1. Can you pull out every residue in the stretch 155-170 that is out of contact with any helix residue (DSSP H, G or I) (no Cβ under 6 Å at 6 or more places or on another chain) and either over 18 Å from V66 (Cβ atoms) or part of a loop (DSSP other than H, G, I, E, B) (or both)?
2. I need the full set of residues from the stretch 101-133 which are in contact with a strand residue (DSSP E or B) (Cβ under 8 Å, 6 or more places away or on another chain), aliphatic (A, V, I, L, M) and under 13 Å from F147 (Cβ atoms), in order please.
3. Filter the stretch 61-77 down to the residues that are farther than 30 Å from E109 by Cβ and touching a strand residue (DSSP E or B) at 6+ places or on another chain (Cβ under 7 Å) and list them by number.
4. Quick check on A104: is it more than 30 Å from K249 (Cβ to Cβ) and under 18 Å from the mean Cα position of the chain (by Cα)?
5. Looking at the stretch 182-224, which of the residues that are surrounded by fewer than 16 Cβ atoms within 10 Å (Cβ to Cβ) and assigned to a loop (DSSP other than H, G, I, E, B) is nearest to the chain's Cα centre (by Cα)?
6. So E82 passes all but one of these: (1) under 30 Å from A34 (Cβ atoms); (2) assigned to a helix (DSSP H, G or I); (3) without any contact (Cβ under 8 Å) to a residue 12 or more places away in the chain. Which condition number does it fail?
7. Restricting to the stretch 1-60, what's the tally of residues that are outside any helix (DSSP H, G or I), crowded, with 18+ Cβ neighbours inside 10 Å and of a type outside the set (D, E)?
8. Does T227 satisfy being modelled with pLDDT of 95 or more, out of contact with any Phe, Trp or Tyr (no Cβ under 8 Å at 6 or more places or on another chain) and either in a strand (DSSP E or B) or within 18 Å of S163 (Cβ to Cβ) (or both)?
Amino acid sequence: MPDFYLGTVLLEKNRWQSRVPSLRVSEWVGRMAADGFCGIELWENHVLRMEGEAEALQKAMPPVAVYNMYADFSDESKPGMEQSAAMIQRLQPKGVKFNLGEDAARLPEYRKNMLAFAEALPAGCVMLCEVHQGTVLEEIDAAAAFFKDLPAEKFQIITHAFSSSAADLQRQFDAFGGRISLVHVQYVLDGKRVRLDRNPAFAKECLQVLAANGYKGGFTMEFTEGTAEPGENIEDLYANAILDMQFIKQNIQKHKEARQ
């Protein structure tokens with residue numbers, strides 16, 4: 001069974017507005033471990049802007065598996081890059097989620113700073129590009145060209161496997177191949193984030209694409225039903241994240257059994 005992570009941004013009500021953290025992740029880690037998460041994808045404000053959390057999370061179980069940073073690798077973002085790099089050295093995650101900026105004319109600048117940042121990471125820590133909308137690597141072809149000459153063991157790709165279609169997911173595998181090493185789990189139906197079991201046929205189709213391409217990476221529960229909805233409730237979000245994780249686990253197990 002692959003690794004499953006809880007993205008702490010999923011629980012954070014201030015994720016997009018003030019970005020001031022409203023919860024201590026260290027108070028949730030025991031519960032996460034008991035419920036089957038083997039790691040955390042840490043929204044960096046939960047440690048950079050919360051006193052005492054760095055010390056607590058250095059010893060956390062489950063550990064910080066992915067560090068979610070927000071510097072865009074522009075020259076003016078270097079102070080943020082330095083702050084993130086120092087925290088990554090303390091927490092020793094396996095990977096760092098990142099995105100580049102939005103100005104195509106500055107791509108050489110972003111690349112230069114990204115490469116320098118990657119050189120300073122702990123041994124074995126990989127760069128995980130989210131190829132996000134609103135960035136210079138939004139398009140699959142542009143991202144594939146950007147990473148073509150960079151080592152796949154160091155520069156890898158995050159896919160939002162349930163965000164468009166099974167055909168689009170296959171296009172990503174055709175372009176990136178083995179670089180895809182993390183799935184961000186969220187599903188939008190009729191303009192609202194919902195659980196995967198609201199449309200199980202679609203979710204299973206996407207899981208089939210992952211299996212057909214030999215996907216062996218992890219899954220981060222990034223967003224789920226109730227995210228940014230009126231009356232958003234952290235307990236409901238957490239419960240829905242667990243249901244999404246269980247849905248994926250159950251279907252991966254069924255696929256394995258069918259092959260035996």
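1. H160, S163, S164, S165, A167, D168
2. Those that are in contact with a strand residue (DSSP E or B) (Cβ under 8 Å, 6 or more places away or on another chain), aliphatic (A, V, I, L, M) and under 13 Å from F147 (Cβ atoms): M114, A118, V126, M127, L128, V131.
3. Once the filter is applied, which keeps residues that are farther than 30 Å from E109 by Cβ and touching a strand residue (DSSP E or B) at 6+ places or on another chain (Cβ under 7 Å), the stretch 61-77 yields P62, P63.
4. In short, no.
5. K216
6. (1)
7. 14
8. The answer is yes for T227.
The values are calculated or read from the model by the stated rules, or taken from the named source; none is laboratory data. Source: prediction; values computed, not measured. No Cβ is skipped: glycine too gets one built from the backbone with ideal geometry, and neighbour counts run over all protein chains shown.
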